[in-house]
Amino acid sequence: VNLNIYPNPTRGIFNISFVADEIDNFEITIIDAFGKIVSHEDRQNFVGEYTKKVNLSNAPRGIYMVQIRTKEAFVSKRIVLQ
């Protein structure tokens, strides 16, 4: 899974995007530095380009993890909220 997160670092609003070449189920989770889930989304039978705008403007500054889990893959990337 080729996961793009931009802009990074961010002041609160950022985009998550990736392309699913085959039909798959996936879940996207955003976790704060304490392991608390900030955002979670499940998608079934998805194929194509996925883009999501996330707004963490009201969240505390710090490092967050964006995780994507599919049937075959798990990708985790850091995003810095300034």
Taking all protein chains together and a probe of 1.4 Å, list 52, 77, 36 from the most accessible to the least accessible. 36, 77, 52
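Test of understanding: what is the full-extension gain from residue 57 to residue 23, defined as 0.36 nm times their sequence separation minus their Cα-Cα distance? Please list the in-between numbers first.
On the way: separation 34, 0.36 × 34 = 12.24 nm, distance 3.26 nm.
Extending this stretch completely gives an extra 9.0 nm.
Less than 13 Å Cβ to Cβ from residue 27, Lys/Arg counted +1 and Asp/Glu -1: what total charge do the surrounding residues give? Please list the in-between numbers first.
Details: positive: 43, 52, 69, 71; negative: 24, 41, 42.
Taking every Cβ under 13 Å from that of residue 27, the sum is +1.
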State the antiparallel share, in %, of DSSP beta bridges confined to the chain, rounding to the nearest 5. 95
Quantify how much of the Cα-Cα distance distribution of the stretch 23-70 extends past 12 Å, in percent. 66
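The values are calculated or read from the model by the stated rules, or taken from the named source; none is laboratory data. Just so you know, these numbers come straight off a predicted model, no measurement behind them. Please note: Cβ atoms are built from the backbone with ideal geometry, for glycine as well, and neighbour counts cover all protein chains shown. We work out accessible area using only protein heavy atoms, side chains counted, and drop any ligands, DNA or RNA first. Shrake-Rupley method; radii C 1.70, N 1.55, O 1.52, S 1.80 Å.
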